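Here is the structure we will look at, set down as structure tokens.
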Amino acid sequence: MDIEPSFFETNPQAGAVGQPLDRVDGRAKVTGQAKYSAEYNQLPGLTHAVLKTSDVAKGRITGFDTSAALKQPGVLAILTHQNLPKLAKTPNDADGKKAIGAPMGFLPLTTDQIHYAGQPVAVVVADTLERAQHAAALLKVQYAAEKPLASYEDPKAELFDPEAVQDGKTKGHTVRGNPKAAFAAAPVQLTHKYDHAINHHNPMEPGATTAHWEAADRLTIYESTQGVSRTQKSVSTMLGLSAEQVRVVTKYLGGGFGCKGSAWPHTILTVQAARAVGRPVKLSLTRPQMFTSMGHREDQTQTLRLGATKDGKLTALIHEKTSTTSPWDNYAEPNSKIINLLYECPNFEASYQLARANVMTSTFMRAPGEAPGSFALECSMDDLAYELGIDPLEIRLRNYAEKDPSTGQAWSSKSLKQCYARGAELFGWSKRNPKAGATRDGRLLVGWGMATASYPVHNSQGTARARLYADGHAVVQAGATDLGTGTYTVMTQVAADALGLPVDKVRFELGDTKLPTAPNSGGSVAAGTVSSSVYMAVQDVWQKLIKAAVLDKKSPLYRAKPADVEVKQGRLQLKADPKKGEEFGALMKRAEIGDVEGNGQGRYGSGYEDAQAAANADPSKKDEAAHHSMHSFGAHFCEVKVDPELGTVRVTRWVSVHGAGRILNAKTARSQIIGGSIFGIGCALMESTFRDPNYSRYTNASLADYHIPVNADIPDMTVEFVEEHDPYINAMGVKGIGEISMVGVAAAVANAVFHATGKRVRSLPITPNKILETKAASA
Ligand code: MOS
């Protein structure tokens with residue numbers, strides 16, 4: 001008996017799951033009824049806070065002149081490090097950081113120290129937003145400024161290996177086989193350096209907090225976050241309250257991409273401001289403040305050495321990464337993980353180093369590690385293909401990993417060959433001219449490139465609740481967040497099928513710490529975890545109703561063994577004789593059961609595999625308990641047209657094919673892959689935040705100057721999924737798709753640019769100046 005019955009078995013027929021259902025929250029969004037975290041304007045006595053931030057990146061605050069600001073009408077408080085109410089714990093405390101949660105390792109307004117430009121130095125609260133803004137402008141802050149460091153590129157920057165710091169000897173290396181010797185002996189040796197600009201997440205909705213103290217020990221926060229529970233834990237820890245005294249609500253989110261995956265200073269500062277003025281306080285970050293308040297993808301350089309045989313088989317991969325971090329944090333995107341497993345290669349080594357600079361800390365951003373790591377690997381694989389005169393798709397097939405090279409484990413499922421084949425067919429890859437710089441459309445150069453995508457199944461678990469009413473409707477709940485990607489919709493579909501109800505009879509609720517705990521919507525775990533939790537909660541409902549039926553004298557199932565009863569499309573029936581049974585509604589009405597509530601825990605990843613193995617324990621099959629390696633895979637195909645005189649690149653065709661387990665909604669899944677691919681195209685061609693090397697300030701902190709793709713930059717995109725059945729990952733067979741969509745995208749574009757121009761640009765973004773400056777390869 002499986003500990004978690006599988007959706008594959010209980011719902012063999014196609015139902016709502018998989019259908020391209022319109023978003024259930026679509027109407028609320030387009031009519032403005034959907035309430036985002038900065039829209040709780042009816043709270044009694046709501047006040048407004050703005051952050052005063054430092055223009056200086058390093059130094060100390062030597063004084064404030066608050067007199068003019070405090071005289072303004074409507075001003076309620078000016079909080080600084082001199083008068084911020086005391087917190088039980090801050091991330092500055094030795095034991096605080098872990099409890100509060102990375103990456104907030106430093107809380108402003110607790111010291112006179114300035115560590116980065118844009119650091120909040122005061123919170124100004126007034127009865128209207130405009131009055132708060134005006135008072136903040138009048139507030140004068142004096143600094144003793146010092147010369148800051150801006151990045152690892154500064155000659156004064158000190159590089160360190162963060163894993164070596166802990167025990168005094170270098171440990172920050174992953175080594176398999178004998179990579180240095182294998183590289184030295186390789187008939188083909190490629191060594192290339194890849195640079196990556198600073199990227200900012202820039203979700204449409206900025207970070208925003210509305211804090212409402214309902215009593216001295218009871219707080220509700222309407223927060224723009226990817227995880228209500230994580231925010232609850234961070235804030236309650238800092239305040240010294242128990243978790244249930246802090247309620248966090250996020251009904252709608254306007255994107256996150258990782259920057260809303262952690263608690264950040266503005267949230268607790270708003271909570272403190274609300275405590276100080278004794279009224280609800282709303283704070284919404286400005287767009288410029290978004291560049292210094294919620295992390296970014298770090299400036300980084302990678303060196304990849306690739307050794308191969310003359311027939312294109314990899315023999316060694318050696319990867320090094322250097323990036324900038326903040327004065328208090330050691331975060332670095334784990335780029336090497338994907339390089340370690342994407343292709344069969346017996347010898348591998350990775351190391352990384354950091355330099356501290358006066359910057360806000362970097363954090364995870366969509367496909368952290370996989371996106372920049374795949375840029376280096378997939379460009380070098382393209383180089384290898386040209387070097388040997390082998391088709392770029394063929395070179396990948398020659399190095400296809402039949403099992404996970406980094407662990408030796410079998411894959412739980414892998415449909416990459418089908419993705420390659422279908423993508424190539426849709427794109428017309430076989431018609432590609434193998435020669436670079438040889439295809440033209442009028443005066444434009446035409447290039448075709450491709451790359452592989454992969455993203456792991458990160459272990460996760462969560463809970464959900466389902467309440468089924470006798471009249472045939474249901475309310476299903478989990479404290480998940482919907483980033484805008486469709487969580488409301490797909491969970492409605494899962495619940496409807498599991499309950500045997502039409503989707504319009506099911507309401508799915510999320511985004512509240514009062515609901516059962518779900519994981520952060522991050523790491524692409526939400527769909528796989530929450531769908532399993534919902535499914536398991538419904539199984540609990542059925543178990544309770546089966547028990548009621550077998551005890552009910554009037555039921556056709558009276559005195560049956562519960563284990564002999566199954567539920568199909570809402571009908572309780574004997575497995576051996578399905579004609580014997582009844583609808584749940586008939587049973588509930590007759591037995592006067594108004595509603596039944598079930599709870600369930602869903603597991604995603606190796607925890608699910610463990611649970612199944614435990615349930616099926618057979619001592620003679622010990623090996624089956626070994627875990628599978630769990631990943632999604634896919635392939636991108638790109639056409640670009642490059643203006644040889646201007647260096648401008650336009651993406652003119654796009655095909656992505658992914659294998660990601662069961663697809664819960666064909667429409668929202670397609671949208672998510674399109675969104676991720678556009679995100680990747682932005683990273684490839686446009687997105688870059690410039691940090692001034694002298695002042696360590698961002699010079700383009702606005703959406704006018706930080707370019708992201710708009711509709712006119714993007715062609716129609718072709719997105720498909722291959723059918724993939726994975727019984728090892730969770731009860732639903734669902735893998736996440738939020739991040740794989742951008743893995744390999746920058747490389748596919750760069751490879752297409754090379755094919756168009758013969759110029760290899762290894763620095764993101766690929767802007768016109770870089771194309772004009774780069775010499776064409778002689779190959
Ligand atoms: Mo995502 S970068 O895991 O929120």
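Here, each number is a calculation from the coordinates, and none is a lab measurement. Computed from a prediction, not measured in an experiment: that's the story for all the values here. Every residue, glycine among them, receives a Cβ derived from its backbone with ideal geometry; neighbour counts consider all protein chains shown.
Descriptive notes on the structure:
- Here the stretch 222-278 and the stretch 169-217 have alpha carbon centers that stand 25 Å from each other.
- Set Lys52/Lys770; Lys71/Lys233; Lys29/Lys71; Lys568/Lys735; Lys29/Lys260; Lys251/Lys414 screened for pairs whose C-alpha atoms are more than 30 Å apart: Lys52/Lys770; Lys71/Lys233; Lys29/Lys71; Lys251/Lys414
- Using the average count of surrounding beta-carbon atoms within 10 Å as a protection proxy, the listed peptides 768-774, 438-444 rank, highest first, as 768-774, 438-444.
- Toward the positive end of the charge dipole of the stretch 460-603, with +1 on the Cβ of Lys and Arg and -1 on the Cβ of Asp and Glu, the farthest Cα among Ser531, Val565, Thr513 is that of Val565.
- Annotation: amide H-H contacts under 5 Å for Ser413 (H modelled 1.01 Å from N, sequence separation of 5 or more, or interchain): His631.
- Only Lys, Arg, Asp and Glu carry charge here, each on its Cβ (+1 for the first two, -1 for the last two); on that basis the chain has a dipole of about 580 debye about its Cα centre.
- Kyte-Doolittle at least 0.5, axis length at least 20 Å by Cα - qualifying DSSP helices, the chain: 526-550, 666-685
- Residue-averaged [θ]222 nm for the chain, counting only DSSP H segments that reach four residues, each worth -39500 (n - 2.57): -8000 deg cm²/dmol
- Every Cα-Cα pair of the stretch 153-251 was included, and the share exceeding 18 Å stands at 72 percent.
- Per-q log10 I(q)/I(0), the stretch 304-446, q = 0.12, 0.15, 0.18 Å⁻¹ (Debye; single scatterer per alpha-carbon; no solvent): -0.63, -0.90, -1.11
- Cα Rg, Dmax (largest Cα-Cα span) when computed across the stretch 12-141, Å: 21.1, 71
- Listed residue pairs exceeding 20 Å between alpha carbons, taken from Lys98/Lys321; Lys553/Lys579; Lys403/Lys431: Lys98/Lys321; Lys403/Lys431
- Distant-in-sequence amide contacts of Asn335, defined by a placed amide H-H separation under 5 Å and a gap of 5 or more residues or a different chain, comprise nothing.
- Cβ charges +1 (Lys, Arg) and -1 (Asp, Glu), total dipole of the stretch 460-603, debye: 560
- Taking the average, over residues, of other Cβ atoms within 10 Å as the packing measure, peptides 416-422, 352-358 rank 352-358, 416-422 from highest down.
- Hydrodynamic radius of the chain per Kirkwood, over alpha carbon pairs, in Å: 27.9
- Ordering of 684-697, 87-100 by packing [mean C-beta count within 10 Å, highest first]: 684-697, 87-100
- Between Ala185 and Ala144, the FRET efficiency from the beta-carbon distance, with R0 = 51 Å, is close to 0.35.
- Dipole of the chain, positive end: most advanced residue of Asn335, Phe64, Gly581 [Cβ charges, Cα centre]: Phe64
- Mean sequence separation of contacting Cα pairs (under 8 Å, at least six apart), scaled by the length of the chain, corresponds to a relative contact order of 17 percent.
- Cα lying deepest toward the dipole's positive end in the chain, options Thr209, Ala308, Ala684, charges on Cβ: Thr209
- Taking one quarter of the surface of the C-alpha convex hull of the stretch 486-530 gives a mean projected area of 3.3 nm².
- Each Lys and Arg adds +1 at its Cβ and each Asp and Glu adds -1 at its Cβ; summed about the Cα centre, the stretch 553-620 shows a dipole of about 540 debye.
- Distribution of pairwise C-alpha distances over the stretch 460-603, 10 Å bins, in %: 13, 42, 29, 14, 3
- Residues whose placed amide H lies under 5 Å from that of Arg760, excluding near-sequence neighbours: Ala777
- Ranked from largest, the principal axis spans of the Cα set of the stretch 679-765 equal 54, 33, 25 Å.
- Reachable lysines from Lys58, criterion Cα separation under 17 angstrom, eight or more residues apart if same chain: Lys147, Lys156
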